[in-house]
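These notes are about the structure you will find just below.
Read-outs throughout are calculated quantities, based only on the coordinates presented, and are distinct from any laboratory measurement. Source: prediction; values computed, not measured. Cβ sites come from the backbone with ideal geometry, for glycine too, and all protein chains shown count toward neighbours.
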Amino acid sequence: MEKFGKSQPVKRVEDVRFLTGHGRYIEDCAPEGALRAWVLRSPVAHGVISEIDLEEAREADGVHMVLTLADLQAAGMTTTMDATVVKNRDESDGAAPARHMLADGRVRFVGEPIAVVIADTLDQARDAGEMIVLDFDDLPVKLDLHAGGETIHAEAPDNSAFDWGMGDEAATQAAFDAADHTVSLQIDDNRIIVNAMEPRGCFAIWEDDRLHFTYGGQGVWGAKGQLSAKLGLDETAVHVVTPDVGGGFGMKAMTYPEYFVVAHAARALGKAVFWMSDRTEAMLSDNGGRDLTSLAELAFDKDLKITAYRVQTRCNLGAYNSQFGQPIQTQLFSRVLAGVYDIKTAWLQVEGIYTNTTQVDAYRGAGRPEAIYVLERVMDRAARELGVDPFELRRRNFIAPANFPYATVTGESYDVGDFDMILTEAIQKSDMAGFAARRAADAAEGKLRGAGLCYYIESILGDPSEGAEVEFLEDGRVNIYVGTQSNGQGHETVYAQFLADQTGIPASMITTIQGDSDLIAKGGGTGGSRSVTTQANATLATVDVMVAAFTPFLAEDMGVEEEALSFDGETFRAPGSNLTPSMLEAVEMARAQGRVDLLRHAARAQLPGRSFPNGAHIAEVVIDPETGVTAVDRYTVVDDFGNLINPMLAEGQVHGGVVQGLGQAMLEHVVYDQDGQLLTASFMDYALPRADDVPMIGFTSEPVPSIQNPMGMKGCGEAGTVGALAALANAVQDATWERGLRQVDMPFTPLKLWEALRNGTEAA
């Protein structure tokens, strides 16, 4: 059997409990009788708190405590939230304003937490919160993505958080000066709200001088470290658990102010305290996504080979620095800056701007989807302006398979790739040969059809190391302890399946254990499409440890030399012995002889290098110019994810990602008014994609196995979204080009397109 495994499409085992109402989410496992927390949030975007009177609220029925920043500080807490500082182009540090868990006398966005009420019931906490007397001296609001305006932080008087650059600016300028052709495009990337199926929530219990904290997140160890640091506790006094999580999307990767306040309240009151966000509260306070504008430029020689690429981006950070986001944002952007193209020189400049809006998420300020979106939009524009087929222009500039490993201009080194093969397959699967006939048929009915291509590549990030532990139980079942955290991706199935592939243990007998800092000593959590690749690598290392541990034990029982014994992925064998024990049979032999040391095995492993999933998305849209309504009619994806453990789960990940991208491209858009009030704070005003918005999505896997890990795998978690944005945008641009529209920006709402097509204006 191959080292990788069997790559079988297996249905998700966790879906049985999810679909029958037996999932264990935050509200399902909150302690009965827990006190409830309610958060008083700022009703204004920018102002100084001139009055806050808590007395009536503190005396209200059922109220146990009302907390402000002063109360947290009086209790000895470290109240500043973790944040990351970015280096400027001149190597000086960017702005580093402090963000406190509760307002420090000044509020900087609508929804910023000011006080927290703890009461017997949520209704009592909310009623008491409404008794708080609160007044402000309003300050001007800053919303645009330019330096200047009313100062939000004294540390950044021009509201510029950082001005970061990467690449060779002088060489890039020289290439543009010498170019035969140059193409530029100003591209806006609209802001979105994450809208996980389950909003954020947490509860805390203090028992036996230990904090037991449960929350819906993407890993327990970051929260454990921050809780211990902020509350002044030894890490051994903090136990963090994550139950089932209804979606994370990067937004739940970091900690939020409510978590620390709830943990403190549980310690101060000696009672369990529970907080759960409602939907509008989440829309106001969760970290948002995207929200940037970029000027992208390409330089070509006479043969239409790209010689240089330049991007200048301004991104919205919201009111505060992200916990770990800005370096990740800029690094993500830079690592896919050159895409799949053989570009000789490049320059990227990113300026972060503070505004009076909710903080922007780590993965959605200038990351992978944004970088690919910018590159593929300007590639599409170049094809139109230079009069070349968009598929041909990409082929002409692909990195050739013979040139791998390939060092990009951003310092990334791609291990393998066959981009032309993937694109050729996508063209065939999407029936591009029949596109002209489909377009003509629509035109006869007065409708506009367009086709759009995006060829993406990702650089899989996150901690390259991970651990796994396998435990054999007395009842014959097997536990595998993992350091990642499922947010709905199917980890329980895929990890059991992979261990089964490597050991012959039936997957039905394997249980995946995750999200408990007492049971699992260390883990990197989930984010950046790292989970399956890093965890499978750790599982392989653990299987090697198991085999090495059982070899001398079995060799003695089988009467053979250790070096003669081998494990073929299902049974142990040796020449001269007719015994062929399976892994489970070997375990029972060890148990019978009292060898308890052979019943638990653990290992950590580190990936030697990054992997680079890539693929082609081809979308077709049909626009009714009389109404502006756009239908996504056809959608085809051909992906290179390397080897797959479970093709069915990979396809599901792609489908979900494409739908998320479709939502941003066609529907979703965060809107603030001139006073910084969020106008899209409910599903009455913020549109998510519905079933009838989504076409059938064709998916084909064409693996080019990575040589950067022993499994030949490449991550796939975000691939659908990364490709969908530009494919759909380019399709809309293609449909409207002949009608004179030269600029279309997401979201492509009916009103926007109807007005643009009617008036001949830009759809921006």
(request) Quick one: check the C-alpha center-to-center distance for the range 46-123 versus the range 557-602, whole angstrom. (result) 59
(message) I need the Kirkwood Rh of the range 422-481: take the reciprocal of the average 1/r across all distinct C-alpha pairs and report it in angstrom.
(response) 17.1
(request) Counting only C-alpha contacts under 8 Å and six or more residues apart, can you give the relative contact order of the range 74-144 as a whole percent? (result) 18
(message) What number results when the radius of gyration of the range 435-581, computed over Cα atoms, is divided by 2.2 N^0.38 Å?
(response) 1.60
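Counting only C-alpha contacts under 8 Å and six or more residues apart, can you give the relative contact order of the chain as a whole percent?
Details: 1836 pairs, mean separation 115.6, N = 764.
Rounded, it is 15 percent for the chain.
Can you tell me the equivalent ellipsoid semi-axes for the range 39-145? Use √(5λ) from the Cα gyration tensor, largest first, whole Å.
Details: eigenvalues 190, 57, 24 Å².
Value: 31, 17, 11 Å, ordered largest first.
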(request) Calculate one ³J(HN,Hα) per residue across the range 712-717 by plugging θ = phi - 60° into the Karplus curve 6.51 cos²θ - 1.76 cosθ + 1.60, and present them in order as whole Hz with x for glycine and proline. (result) x, 8, 9, x, 9, x
(message) Residue by residue through the range 585-598, what is 3J(HN,Hα) from phi via Karplus (6.51 cos²θ - 1.76 cosθ + 1.60, θ = phi - 60°)? Round to whole Hz and write x for glycine and proline.
(response) 5, 4, 4, 5, 5, 5, 4, 4, 9, x, 8, 5, 5, 9
(request) Jot down the radius of gyration and Dmax of the range 568-712, Cα atoms only, both in angstrom. (result) 25.8, 83
(message) Could you work out the pair-distance distribution P(r) of the range 686-726 from its alpha-carbon pairs, with 5 angstrom bin width and percents rounded to whole numbers?
(response) 5, 14, 17, 25, 15, 10, 6, 6, 2
(request) Assuming 1.002 mPa s and 20 °C, estimate D for the range 483-559 with Stokes-Einstein, Rh taken as the Kirkwood radius over Cα pairs, in µm²/s. (result) 155
(message) For a bin width of 5 Å, list the pair-distance distribution of the range 43-106 built from all Cα-Cα distances, rounded to whole %.
(response) 3, 12, 16, 17, 18, 13, 7, 5, 3, 2, 1, 0
(message) Tell me which of 728, 659, 691 sits at the most positive position along the dipole axis of the range 584-741, charges placed on C-beta atoms (Lys, Arg +1; Asp, Glu -1).
(response) 659
(request) Report, in debye and to the nearest 20, how large the dipole of the range 481-596 comes out about its Cα centre when Lys and Arg carry +1 and Asp and Glu carry -1 on their Cβ. (result) 400
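Computed over the Cα atoms, what is the radius of gyration of the range 165-276 divided by 2.2 N^0.38 Å, N being its residue count?
Rounded to two decimals, the normalised Rg is 1.71.
Show that you can apply the helix-only estimate: for the chain, add -39,500 (n - 2.57) for every DSSP H stretch of four or more residues, divide by all residues, and state [θ] at 222 nm to the nearest 500. Mind dumping the intermediate values first?
On the way: 20 runs with 227 residues, N = 764.
Computed mean residue ellipticity for the chain: -9000 deg cm²/dmol.
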(message) Suppose each label sits 7 Å from its Cα in the direction of the beta carbon; what would the residue 20-residue 392 distance come out to in nanometres?
(response) 5.9
(message) Quick check: the distance between the Cα centres of the range 150-173 and the range 504-531, to the nearest angstrom?
(response) 40
(request) Would you work out which of 594, 715, 161 lies farthest towards the positive end of the dipole of the chain, given +1 charges on the beta-carbon of Lys and Arg and -1 on that of Asp and Glu, about the Cα centre? (result) 715
(request) Report, by chain and number, residues whose modeled amide H sits under 5 Å from the one on residue 161, excluding near sequence neighbours (fewer than 5 apart, same chain). (result) 352, 353, 354
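Sorted by average packing, counted as other Cβ atoms within 10 angstrom per residue and highest first, what order do 593-603, 150-160, 730-740 take?
On the way: 593-603: 14.3, 150-160: 16.5, 730-740: 21.3.
Averaged packing, sorted descending, gives the order 730-740, 150-160, 593-603.
In debye to the nearest 20, how big a dipole does the chain give about its Cα centre with +1 on each Lys and Arg Cβ and -1 on each Asp and Glu Cβ? Provide the component values of the computation, followed by the final result.
On the way: 61 positive and 111 negative charges, 267 e Å.
Its charge dipole is roughly 1280 debye.
Counting Lys and Arg as +1 and Asp and Glu as -1, what is the net charge of the other residues whose Cβ lies under 10 Å from the Cβ of residue 273?
Every neighbour counted, the sum reads +3.
Output the peptides 581-588, 243-250 sorted from most to least packed, where packing is the average of other Cβ atoms within 10 Å over each peptide's residues. All intermediate terms of the calculation are to be shown ahead of the outcome.
Numbers: 581-588: 18.1, 243-250: 20.9.
In decreasing order of mean packing, 581-588, 243-250 become 243-250, 581-588.
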(message) For a quick check: with amide H placed at 1.01 Å from N, whose amide H comes under 5 Å from residue 40's, ignoring anything fewer than 5 positions away on the same chain?
(response) 114, 115, 116, 117
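For a distance above 20 Å, tell me the whole-number percent of Cα pairs in the range 122-205 that qualify. All intermediate terms of the calculation are to be shown ahead of the outcome.
Details: 2555 of 3486 pairs.
Percentage above 20 Å: 73.
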(request) Rounded to whole Å and sorted largest first, list the principal axis extents of the Cα atoms in the range 401-506. (result) 71, 39, 25
(request) Please report Rg over Rh for the range 664-764, where both radii come from the alpha carbon positions and Rh follows the Kirkwood definition. (result) 1.10
(message) I need two numbers for the range 1-65: Rg to one decimal and Dmax as a whole number, Cα atoms only, in Å.
(response) 24.3, 71
(request) Sticking with the crude label model, points 7 Å out along Cα→Cβ, report the distance from residue 207 to residue 126 in nm, one decimal please. (result) 3.0
(message) With both bridge residues required to lie in the chain, what share of the DSSP beta bridges run antiparallel, to the nearest 5%?
(response) 80
(request) Return the long-range amide H neighbours of residue 513 (sequence gap of 5 or more, or a different chain), with a cut-off of under 5 Å between placed amide H atoms. (result) 480, 481, 482
(message) For the pair residue 694/residue 742, report the inter-label distance in nm, with labels modelled 7 Å from Cα in the Cβ direction.
(response) 3.8
(request) Hey, could you get me the Stokes-Einstein D for the range 404-454, Kirkwood radius over alpha-carbon pairs, 10 °C and 1.306 mPa s, rounded to whole µm² s⁻¹? (result) 115
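Of the listed peptides 274-285, 191-202, what is their order by residue-averaged count of other C-beta atoms within 10 Å, with the highest listed first? Mind showing how you got there, number by number?
Details: 274-285: 19.9, 191-202: 21.6.
Highest to lowest by the protection proxy: 191-202, 274-285.
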(message) Treating only the Cβ of Lys, Arg, Asp and Glu as charged (+1, +1, -1, -1), what charge dipole size does the range 250-308 show about its Cα centre? Round to the nearest 20 debye.
(response) 300
(message) Through the Karplus equation 6.51 cos²θ - 1.76 cosθ + 1.60, θ set to phi - 60°, convert the phi angles of the range 63-72 into ³J(HN,Hα) values in whole Hz; use x for Gly and Pro.
(response) 7, 9, 6, 10, 10, 10, 4, 4, 5, 5
